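Step one of this worksheet: look at the structure below.
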Amino acid sequence: MNHPAGGYKKIFETVEELSEPVPATVTGRIPSFLKGSLLRLGPGLFEVGDEPFYHLFDGQALMHKFDFKNGQVTYFNKYVKTDAYVRAITEKRVVITEFGTFAYPDPCKNIFSRFFTYFKGVEVTDNCLVNVYPIGEDYYAVTETNYITKVNTDTLDTLKKVDLCNYVNINGVTAHPHIERDGTVFNIGNCMGKGASLAYNVVRIPPTQKDKSDPIEKSKVVVQFPSAERFKPSYVHSFGMSENYFVFVETPVKINLLKFLSAWSIRGSNYMDCFESNEVLGTLFHIARKDIGGGQGEYIDHKFRAAPINLFHHINTYEDNGFIVADVCTWKGFEFVYNYLWLANLRSNWEEVKKAAMMAPQPEVRRYVIPLDIHREEQGKNLICLPYTTATAVMRTDGTIWLEPEVLFSGPRQAFEFPQINYEKHGGKNYTYAYALGLNHFIPDRIIKLNVKTKETWVWQEPDSYPSEPLFVQTPDGVDEDDGVLLTVVVSPGAQKSGYMLILNAKDMSEIARAEVDCPIPVTFHGMYKK
């Protein structure tokens with residue numbers, strides 16, 4: 001679908017927060033089992049005073065909530081009152097450096113204080129615009145730094161800023177943890193390892209404690225993955241977890257740590273300035289056992305290699321007859337995809353948007369298969385014997401195992417991204433269906449269902465409509481994997497009511513209902529359905 005009218009630009013515009021929930025106009029019938037809240041996070045403030053934010057991941061965090069009750073729906077939003085937001089609003093300027101926007105010191109300060117401000121470096125942002133998830137009985141809005149922000153999901157009030165560095169050895173964690181059925185949370189972040197070299201730690205946060213103490217206080221590192229380069233960790237956005245293993249994919253998109261540590265003390269710089277790509281390294285797949293006893297994992301020192309990719313979202317990871325199957329949303333090549341997510345690019349006219357996307361790495365859903373039982377004498381032979389996949393793993397003369405994927409979905413400049421599955425029943429297990437937001441030259445304009453076994457797809461799409469990540473909610477008495485609904489927030493700039501929450505039948509992608517509100521809704525990234 002083409003978008004010559006450029007309605008997509010509306011999802012990158014600042015909105016004011018609401019003072020109270022507003023009722024939605026419901027078309028169709030809300031399923032009776034929907035009695036909770038759809039929570040979403042994304043940027044809502046794209047400039048402060050005369051100072052713009054430059055990158056998609058810079059706008060200040062706005063939390064959205066659609067409440068379901070007795071077949072009716074209300075919508076509410078509120079800015080998360082992080083230090084980054086409060087100080088920006090108070091001082092009417094960008095105070096804390098974001099992903100792609102540098103915060104200059106107060107121009108009223110003299111040259112000496114300005115010099116010392118640079119010398120100390122900048123504060124790490126707590127702008128939690130990416131996702132929200134539960135830890136114990138609490139809920140946290142998160143980004144990818146060491147700060148997470150506790151929020152009240154009823155009132156959307158900001159409660160407390162938490163520094164994870166106070167509890168575990170990490171520099172930051174992803175916004176994509178894995179959560180087990182008992183509430184145990186696993187996440188990954190880079191850290192300083194043994195001998196002052198870089199590594200990646202998997203952190204376990206236990207479920208709700210009987211003594212009502214904070215589970216975060218009992219966080220611990222369960223396993224450590226080595227870094228391919230001593231001072232250049234890979235950018236990590238998510239990781240895979242099956243029933244018994246962790247899968248960590250180390251891509252050629254690197255953070256130059258020396259540049260990162262020195263940049264702000266010398267000149268105005270931001271996080272994006274510190275990324276570089278190393279095509280020589282290609283991609284490394286690391287695996288570790290989740291638990292070998294006492295809650296500790298174990299790194300498995302086999303070298304699995306593949307061609308260079310960007311990887312942001314894992315779809316699902318499971319074990320089958322001595323193999324680990326990892327389905328992932330990739331972008332082919334080593335150039336950092338975030339280089340194409342500057343707001344100026346995304347707000348361009350449609351022909352310019354398409355032109356930029358032509359130069360970017362191309363998206364592809366891939367299945368990699370990792371053999372667990374490896375013998376040196378099997379050099380040169382395909383180690384994969386699962387009958388349903390064409391993915392291969394071949395041992396080379398140097399002992400490394402080269403992985404070639406099976407392509408599950410591919411279309412020129414058409415991405416299957418922000419993936420979701422029936423996580424409650426099939427997370428870490430063999431599965432059939434994945435759901436995703438379809439990006440058309442980086443513009444979100446459809447919802448896709450993919451059968452990962454047959455590669456059949458189903459699509460929901462309407463003109464001048466820009467949806468968000470679809471969240472799967474299972475029908476309580478559902479038997480099939482896809483017995484349930486998809487919830488997505490759609491922006492439709494030309495409509496009388498420009499935003500709505502859409503409910504789709506997960507089986508055939510047909511519309512069940514929509515709840516329209518007469519207020520603008522900007523782009524959202526991730527979220528959850530809270531029962």
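Residues that are aliphatic (A, V, I, L, M), open to solvent by 10 Å² or more (accessible area, probe 1.4 Å) and under 18 Å from residue 489 (Cα atoms) occur in the stretch 27-38; there is at least one.
Whenever a residue of the stretch 495-506 is more than 18 Å from residue 40 (Cβ to Cβ), its partners that are open to solvent by 10 Å² or more (accessible area, probe 1.4 Å) and of a type in the set (A, V, I, L, M), lying with C-beta atoms within less than 7 angstrom and at least six residues away or across chains, give the pairs 505/512.
Which residues, counting only those in the stretch 496-517, are at pLDDT below 95 and open to solvent by 40 Å² or more (accessible area, probe 1.4 Å)? Listed by number, the residues that qualify are 496, 497. For the stretch 140-169, filtering for residues that are in contact with a Cys (Cβ under 7 Å, 6 or more places away or on another chain) and either within 22 Å of residue 226 (Cα to Cα) or not in a strand (DSSP E or B) (or both) leaves 3.
The combined condition, being within 21 Å of residue 237 (Cα to Cα), touching a residue at least 40 places away in the same chain (Cβ under 8 Å) and among the acidic types (Asp, Glu), is not fulfilled by residue 137. Looking at the stretch 7-16, can you tell me whether even one residue there is modelled with pLDDT under 95, exposed (fewer than 14 other Cβ atoms within 10 Å of the Cβ) and of a type outside the set (A, V, I, L, M)? No: the stretch 7-16 contains no residue that is modelled with pLDDT under 95, exposed (fewer than 14 other Cβ atoms within 10 Å of the Cβ) and of a type outside the set (A, V, I, L, M).
Set side by side, the residues 138, 157 differ, and just one is among the acidic types (Asp, Glu), more than 21 Å from the chain's Cα centre (by Cα) and open to solvent by 40 Å² or more (accessible area, probe 1.4 Å), which is 157. Give the residues of the stretch 455-481 that are open to solvent by 10 Å² or more (accessible area, probe 1.4 Å) and either in contact with a Cys (Cβ under 9 Å, 6 or more places away or on another chain) or of a type in the set (Asp, Glu) (or both), sorted by residue number. The answer is 456, 462, 464, 477, 480, 481.
For the stretch 402-431, taking the residues that are of a type in the set (S, T, N, Q) and in a strand (DSSP E or B), the one that is farthest from the chain's Cα centre (by Cα) is identified as 414.
Among the residues of the stretch 328-345, at least one is in contact with a strand residue (DSSP E or B) (Cβ under 7 Å, 6 or more places away or on another chain), among the polar types (S, T, N, Q), surrounded by 20 or more Cβ atoms within 10 Å (Cβ to Cβ) and touching a residue at least 12 places away in the same chain (Cβ under 8 Å). Only residues that are farther than 29 Å from residue 421 by Cβ and buried (at least 19 other Cβ atoms within 10 Å of the Cβ) were counted across the stretch 200-227, and they come to 1.
Does the stretch 276-315 hold any residues that are within 21 Å of the chain's Cα centre (by Cα), of a type in the set (S, T, N, Q) and open to solvent by 10 Å² or more (accessible area, probe 1.4 Å), and which are they? Residue satisfying the conditions is 277 alone.
A quick yes/no check of all residues on (1) free of Cβ contacts under 8 Å to residues at least 60 places away in the same chain; (2) assigned to a strand (DSSP E or B); (3) of a type in the set (A, V, I, L, M); (4) farther than 20 Å from residue 343 by Cβ:
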{"residue": "1", "(1), (2), (3), (4)": "no, no, yes, yes"}
{"residue": "5", "(1), (2), (3), (4)": "no, no, yes, no"}
{"residue": "8", "(1), (2), (3), (4)": "no, no, no, no"}
{"residue": "15", "(1), (2), (3), (4)": "no, no, yes, no"}
{"residue": "31", "(1), (2), (3), (4)": "no, no, no, yes"}
{"residue": "35", "(1), (2), (3), (4)": "no, no, no, yes"}
{"residue": "39", "(1), (2), (3), (4)": "no, yes, yes, yes"}
{"residue": "65", "(1), (2), (3), (4)": "no, yes, no, yes"}
{"residue": "74", "(1), (2), (3), (4)": "yes, yes, no, yes"}
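Cβ-Cβ contacts under 6 Å between residues 6 or more apart (or on different chains), taken from a first residue in the stretch 252-277 that is of a type in the set (Asp, Glu) and modelled with pLDDT of 75 or more to a second residue that is buried (at least 17 other Cβ atoms within 10 Å of the Cβ) and in a loop (DSSP other than H, G, I, E, B), are listed as 276/256.
Within the stretch 420-467, the set of residues being acidic (Asp, Glu) and touching a residue at least 24 places away in the same chain (Cβ under 8 Å) comprises 424, 445, 462, 464.
The values are calculated or read from the model by the stated rules, or taken from the named source; none is laboratory data. If you're wondering where the values come from, they're calculated on a predicted model, not measured in any experiment. Heads up, the Cβs are rebuilt from the backbone with ideal geometry, glycines too, and the neighbour counts pull from every protein chain shown. Accessible surface is based on the protein model in full, side chains and every heavy atom, while ligands, DNA and RNA are left aside. Shrake-Rupley method; radii C 1.70, N 1.55, O 1.52, S 1.80 Å.
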